Amino acid sequence: MEEWTIKAALDWTVGYLERKGDENPRLAAEWLLSAACAMPRIQLYVNFDRALTVSERDVLRGYVQRRAAGEPLQYITGEAPFRHITVKVAPGVLIPRPETEVLVSEALALLPSAQKRIALDSTIDAWEGDLLKAAQEAQAASVPEPSAEAHAAADERLEQRFDAPIGARAEEGEPGEPEAEASSEAAFPAEDKAPRPLLAVDLCTGSGCIAVSLAVERPDVRVLATDISPQAVQLACENARRCEVEQRVKVVQCHLAQGVPAAAIGRLDLVVSNPPYVPSAQCAQLPSEVRDFEPSLALDGGADGLQLFREIAPWALRALKPGGGFACELFEGHMDQAASIAREAGFGEVRIVEDLTGRPRVLAARKPQ
């Protein structure tokens, strides 16, 4: 068998994809060869003389055939870079895009300054624990500190509800190390304790790239991510585990906010969404690798691309606490209309932010204090 070096494979792949009409054949060839050889792209150029193994040649050949048929690179290699992480991608779920990185930047800017990490009850879902803290903080502002009997009763109710003894575990320090009197502190946080984690909801999460990025970049944020697609929910869960933030990212299958607990309404610090927003008439004009391979469910936003946004905006206003932030990625041609919808819903400080190509792409706003 003729020896096929990395340089020979790269040159052949570039030429083949160029003849097949690939818009960026060198980038595609580097990406595919890098994946086939399990080697960073930069390493290709310092290993030109290394021969590919038979297995690597077979994998590359299959990759090139799929790319020549128009399949997106991200589906072929199974992953995509996004901000400071790399997420797993799969057919049936929208591929993360650079403009969505701008959405995450705006969402992060809407959050309060970073808070200290706090102890959580290891037997309670993170979201339930955080909502409990938020409720108790709100109650503490208007009622006296509960008595010792009330503390004991609260602990007993929690034990019955979750069918397990309450033993808090610090997020910092040795795993499994119990905190003294942690159960009463979880139910009734003292004034001198660190504030509760920030609560965020990511609607139409897809691969989970937004939710996971928020959790990775802000360790004091808990994210509830929702999507109607079971494939997206499974993938988002995998990406949360992949980036080791599964304890702070909860993924729920539902339509928009139907799976958000009622106790969260009025207590969220952030609502963020990248909903389907391509106007229906323009879906047929999308590039073939988008139109033919990515799910229409994640693309088609109705007649003007704002079908779901009209549901999201008023819900977000109700769900946010005063001063909470709202960020949404939308179709560039209808941003002024979206801004009007947000203002009519009751949002203030409505801004339109451009993406990396200079197109208006992200709507950012705040709930008035």
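Observations, loosely collected:
- Filtered by the rule that a residue be open to solvent by 50 Å² or more (accessible area, probe 1.4 Å) and touching a helix residue (DSSP H, G or I) at 6+ places or on another chain (Cβ under 8 Å), the range 243-260 gives Glu246, Gln247, Lys250, Gln253.
- Lone qualifier among Gln369, Gln307 - being modelled with pLDDT of 95 or more and surrounded by fewer than 22 Cβ atoms within 10 Å (Cβ to Cβ): Gln307
- Single match in Gly323, Gly302 (criterion: open to solvent by less than 20 Å² (accessible area, probe 1.4 Å), under 30 Å from Cys237 (Cα atoms), out of contact with any strand residue (DSSP E or B) (no Cβ under 7 Å at 6 or more places or on another chain) and not assigned by the TED database to the domain that holds Ala28): Gly302
- Within the range 80-91, the set of residues being surrounded by fewer than 16 Cβ atoms within 10 Å (Cβ to Cβ) and under 17 Å from Ser34 (Cα atoms) comprises Pro81, Thr86.
- Residue in the range 231-240 that is assigned to a loop (DSSP other than H, G, I, E, B), in contact (Cβ under 8 Å) with a residue 24 or more places away in the chain and buried (at least 19 other Cβ atoms within 10 Å of the Cβ) present: no
- Elements of type helices (runs of 4 or more DSSP H) contained in the range 29-78, each with 1 or more residues being open to solvent by 40 Å² or more (accessible area, probe 1.4 Å) and farther than 30 Å from Leu286 by Cβ: 41-44, 54-68
- Exactly one residue out of Leu330, Leu356 is farther than 19 Å from Pro112 by Cα and at pLDDT below 95: that is Leu356.
- Screening Lys20 on (1) in contact with a Cys (Cβ under 7 Å, 6 or more places away or on another chain); (2) surrounded by fewer than 16 Cβ atoms within 10 Å (Cβ to Cβ) shows it passes everything except condition (1).
The values are calculated or read from the model by the stated rules, or taken from the named source; none is laboratory data. Quantities reported herein were computed from a predicted structural model and do not represent experimental measurements. Glycine gets a Cβ as well: all are built from the backbone with ideal geometry, and neighbour counts include every protein chain shown. Only protein heavy atoms, including side chains, enter the accessible area calculation; ligands, DNA and RNA are left aside. Shrake-Rupley method; radii C 1.70, N 1.55, O 1.52, S 1.80 Å.
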